[in-house]
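Asks: Let me begin by handing over the structure; questions about it come next.
What follows is calculated from the coordinates using simple rules that are stated; it is not laboratory data. Source: prediction; values computed, not measured. Using ideal geometry, Cβ is built from the backbone for each residue, glycine included, and neighbour counts are taken over all protein chains shown.
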Amino acid sequence: MTDSWSSSAVPPSVSGADLHLELTGPGLRAGLIDALREAIRTGRLVPGTRLPSSRSLAADLGIARNTVADTYAELVAEGWLTARQGSGTRVAKRAEPRGAAPPIARARPAQRRPTYGLLPGTPTLAEFPRTEWLKAARRALTTAPNDAFGYGDAHGRVELRTALADYLARARGVYATPDRIVICAGFHHGLTLMAQVLRARRVPALAVESYGLDVYRDLLTSAGLRIPPLYVDEHGARTDDLAGLSGVRAALLTPAHQYPTGVALTPQRRTAAVDWARATGGLILEDDYDGEFRYDRQPVGALQGLDPERVVYFGTASKSLAPALRLGWMVLPKELVPEIVATKGEIDYMSSAVEQLTLAEFIASGAYDRQVRSMRVRYRRRRDELVAALAQRAPGVRVTGMAAGLQAVLELPPGTEASVVQAAAHRGLAVAPMADFRHELADPDWRSAEPDGLVVNYAAPSDSAWAGALDALCSVMP
């Protein structure tokens, strides 16, 4: 039960949903009375809810304070509200009418929120560079042309595409020119566009790695594509197998840091992937989701640099900055640019032009490089602490994959994966089993032979929560 409304005229209900007061009727006073009666009658305003003061509600609704005061007085007289000095005006407690039918079904109790979250996919949100981002936004808005505040076009702002072309060439070895880059609202959006283009080209199948996110597999199958698995081992995806997959004309890979196993695609297999694409006219879709975060050496360059006409490069700000920005980019073969732009539409409804201009300024000023360097230090320290703690308290558990990214795989003794996940839940710890990432169409013999494990996100917890999360994790290890 909420004790009071916020200062706006859209108060939250007990469930946190918004209650909109629609003023109907012959006058403002009558409309407000009807709206409040209806909100109480339907349960949107529960007994005991404190209403805003007549002054604040009048200001929010843009009406006279006396109108609100008279409304409250009438509803108090009718028994809908109660008013007490020092306690404000509240929804009255009303007895249920006799013979009222019991509710058909009771709402399920809300699931307890985990005390510690180590689920993969999110960077540390507490370290978003608010001050530097605000400075970049001010500079960007000060110099932005008037047309920047229009609907925009599907390519995305040229300022951001220019800044990205320079950064990606320098930091990731990507061959990028502004005209080859299309801005999207993250990898999911970019992959959706790419899937539609592939279907329009009558591509029947796209190979995906045998470990990955089911949300992307579902996206591709929903677009009408078959998604045969490309098996992953300690050397990355087995790209030599591409030639033997029937109907496959594209492959989705994470070469710099396979998700979630944490292995890099070897030079021989990178070359094999590009050779296959050249020989067949196929495409490699390169997801470089955290390629900037390599801790034991310089990050390996993007696969796209080997053949810009056969590789589609995807990048986002979701891991380097924050998912809420909803900014991603595709570096495309020249022939694909018109098709992606046409599929996206003439107007950019997905990505804010203001955020694009801000990110362009953020990159051009050097703030993006500084943020990535800072996060590399932070995440490397976190990974080192995870490895050290497990070596001391759970020596039978091995951390696999290279020192990179935002998560690590903990290899567990055979047959313990499910029990460890359950034990972690009892400790208020959210972790992801490797089973959640295995391709459901993969060979059953392969699936049964794969080791048990957990995918642990060491990047996300705040500094205050990290020690407790690490202690809880070690305590449930077999």
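Asks: Under the √(5λ) rule applied to the eigenvalues of the Cα gyration tensor, what semi-axes describe the equivalent ellipsoid of the range 288-377? Give them in Å, descending.
Replies: The equivalent ellipsoid of the range 288-377 has semi-axes of 25, 20, 10 Å.
Asks: If eta is 0.692 mPa s and T is 37 °C, what Stokes-Einstein diffusion coefficient results for the range 344-414, Kirkwood Rh from Cα pairs, in µm²/s?
Replies: Details: Rh = 15.6 Å.
D, rounded to a whole number, is 211 µm²/s.
Asks: If one computes the Cα centroid of the range 125-142 and of the range 301-323, what distance in Å separates the two points?
Replies: 24 Å
Asks: Another one. Taking amide H positions as placed in the peptide plane 1.01 Å from N, state which residues far from VAL312 in sequence (5 or more) or on other chains have amide H under 5 Å from it.
Replies: Long-range HN contacts for VAL312: ILE284, LEU285, GLU286.
Asks: Please report, for the Cα atoms of the range 243-351, the Rg to one decimal and the Dmax as a whole number; what are they, in angstrom?
Replies: Answer for the range 243-351, Rg first and Dmax second: 15.0, 44 Å.
Asks: In nm, what is the difference between 0.36 nm times the number of residues separating SER419 and ARG226 and their Cα-Cα distance?
Replies: Between SER419 and ARG226, full extension yields an extra 66.1 nm.
Asks: Ok, one more. Quick one: longest stretch of the chain between exposed loop trypsin sites (Lys or Arg not before Pro), exposed meaning at most 14 other C-beta atoms within 10 Å and loop per DSSP? Intermediate values should be presented prior to the final figure.
Replies: Details: sites that count: LYS93, ARG94, ARG98, ARG106, ARG112, ARG201, ARG202, ARG297.
The reported range is 298-478.
Asks: Taking just the alpha-carbon atoms of the range 275-320, what radius of gyration and Dmax come out, in angstrom?
Replies: 12.3, 36
Asks: Let me ask something else about it. Would you mind pulling out the separation of the Cα centroids of the range 424-459 and the range 173-239, in Å?
Replies: 22 Å
Asks: Expressed in nm², what is the orientationally averaged projection area of the convex hull enclosing the Cα positions of the chain?
Replies: Hull-based average projected area comes out at 29.5 nm².
Asks: A further question follows. Exactly which GluC sites (Glu not before Pro) in the range 406-473 are in a DSSP loop and have at most 16 other Cβ atoms within 10 Å?
Replies: Numbers: sites: GLU411, GLU417, GLU440; in loops: GLU440.
When the GluC sites (Glu not before Pro) of the range 406-473 are filtered for loop state and at most 16 Cβ neighbours within 10 Å, GLU440 remain.
Asks: Assuming 0.36 nm per residue, please report the length gained on full extension of the stretch LEU28 to ARG393 beyond their Cα-Cα distance.
Replies: Working: separation 365, 0.36 × 365 = 131.40 nm, distance 6.79 nm.
Stretched fully, the LEU28-ARG393 segment lengthens by 124.6 nm.
Asks: Quick check: residue separation of THR177 and LEU441 times 0.36 nm, minus the Cα distance between them. What number comes out in nm?
Replies: Result for the pair: 91.2 nm of gain on full extension.
Asks: Something else: Beyond 17 Å, what share of the Cα-Cα pairs of the range 146-217 remains, rounded to the nearest whole percent?
Replies: 61 percent
Asks: Now a separate question. Stokes-Einstein diffusion coefficient for the range 307-435 at 20 °C in a medium of 1.002 mPa s, Rh from the Kirkwood formula over Cα pairs: what value in µm²/s?
Replies: 115 µm²/s
Asks: Another question, if that's okay. Using just the alpha carbons, could you tell me how many Å³ per residue the convex hull of the range 367-478 encloses? Display every interim value, and only then the final one.
Replies: On the way: hull volume 13.0 nm³, N = 112.
Here the figure is 116 Å³ per residue.
Asks: Report, largest value first, the span of the C-alpha coordinates of the range 202-286 along each principal axis, in whole Å.
Replies: Principal-axis extents of the range 202-286 (Cα, largest first): 31, 29, 18 Å.
Asks: Let me ask something else about it. Under the rule of -39500 (n - 2.57) per DSSP H run of 4 or more residues, summed and divided by the residues of the chain, what mean residue ellipticity at 222 nm is obtained, to the nearest 500 deg cm²/dmol?
Replies: About -11500 deg cm²/dmol.
Asks: Along Cα→Cβ, 7 Å out, is where each label goes; now give me the distance between the ones at ALA467 and ALA73 in nm to one decimal.
Replies: 5.9 nm
Asks: Give me the one-decimal nm value for the distance between modelled label points at VAL377 and THR266, 7 Å along each residue's Cα-to-Cβ direction.
Replies: Modelled inter-label distance: 3.6 nm.
Asks: Also, quick follow-up: Which of the GluC sites (Glu not before Pro) found in the range 206-291 are in a DSSP loop and have at most 11 neighbouring Cβ atoms, other than their own, within 10 Å? Intermediate results must be reported in sequence, preceding the final value.
Replies: Working: sites: GLU209, GLU234, GLU286; in loops: GLU234.
When the GluC sites (Glu not before Pro) of the range 206-291 are filtered for loop state and at most 11 Cβ neighbours within 10 Å, GLU234 remain.
Asks: Can I ask one more? Considering Cα pairs under 8 angstrom that are at least six residues apart, work out the relative contact order of the range 395-478 and quote it in whole percent.
Replies: Relative contact order, the range 395-478: 39 percent.
Asks: So which lysines can LYS334 reach, going by Cα to Cα under 23 Å and dropping same-chain residues fewer than 8 places off?
Replies: In chain and number order, the partners are LYS344.
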